[in-house]
Amino acid sequence: IKQDNFNETNNSIQNDRQRIESTQILINELNAQVSELESDAENLINEIRNRKLGSSLNLSGNDLKIWEERSQEFGRALEKLSEELYSDDIHFVLELVQNADDNNYESNNLPTLHFVVLEDAIGFIKII
């Protein structure tokens, strides 16, 4: 009986290790997704700034001063917008699910979405 208990315990430990490794892989994937999303958001903000404000390379004197002031005002507005856009976590989740629901999927594919809720973050993995 002791050997059986040992084997069960050992199997349980191995299963726990596999679950921990799988969870760590998932966390790493989510961290990579978060980093990519943050980078994409920053690039989008910079793209909007450049498209709306142009470049200061050909300006001088008062024109340059006006451009710099408008650029700073617009930058602050974009930062505030990006901070407040999805400040409510549940709003972000509902929008995410709604966007997924709005997509068209092939009839032979059942789309699924898995959420991973951590203490300070919500992650997801889309499986199609």
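The values are calculated or read from the model by the stated rules, or taken from the named source; none is laboratory data. Predicted model only: the values in this text are computed from it and were never measured. Here the Cβ positions follow ideal geometry from the backbone for every residue, glycine too, while neighbour counts run over all protein chains shown. The area values use the complete protein model at the heavy-atom level, side chains included, leaving out ligands, DNA and RNA. Shrake-Rupley method; radii C 1.70, N 1.55, O 1.52, S 1.80 Å.
Taking into account only those residues within segment 57-92 that are part of a loop (DSSP other than H, G, I, E, B) and exposed (fewer than 13 other Cβ atoms within 10 Å of the Cβ), which is modelled with the highest pLDDT?
Within segment 57-92, the first condition is being part of a loop (DSSP other than H, G, I, E, B), and the residues that meet it are 57-60, 85-88.
When the remaining residues are screened for being exposed (fewer than 13 other Cβ atoms within 10 Å of the Cβ), the result is 57-58, 60, 85, 87-88.
Working: Leu57: 56, Asn58: 66, Ser60: 77, Leu85: 63, Ser87: 60, Asp88: 62.
The extreme case among them is Ser60.
Test Arg17 against the criterion of being basic (Lys, Arg), surrounded by 10 or more Cβ atoms within 10 Å (Cβ to Cβ) and at pLDDT 85 or above, and give yes or no.
Working: basic (Lys, Arg): yes; surrounded by 10 or more Cβ atoms within 10 Å (Cβ to Cβ): yes; at pLDDT 85 or above: yes.
So Arg17 passes the test.
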Discussion item. Please go through segment 93-113 and give me each residue that is open to solvent by less than 80 Å² (accessible area, probe 1.4 Å) and of a type in the set (Gly, Ala, Ser), ordered by number.
Written reply: Ala100
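Filter segment 24-56 down to residues that are at pLDDT below 80 and of a type in the set (Ser, Thr, Tyr) and give me whichever is most open to solvent (accessible area, probe 1.4 Å). Step through it out loud before you land on a result.
In the first step, residues of segment 24-56 are kept if they are at pLDDT below 80; the result is 42, 45-56.
With of a type in the set (Ser, Thr, Tyr) added as a condition, the list becomes 55-56.
Working: Ser55: 74, Ser56: 36 Å².
Only one residue fits best here, namely Ser55.
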Fill in: Residue that is modelled with the lowest pLDDT, among those in segment 114-128 that are loosely packed, with under 12 Cβ neighbours inside 10 Å and part of a loop (DSSP other than H, G, I, E, B)
Ile128
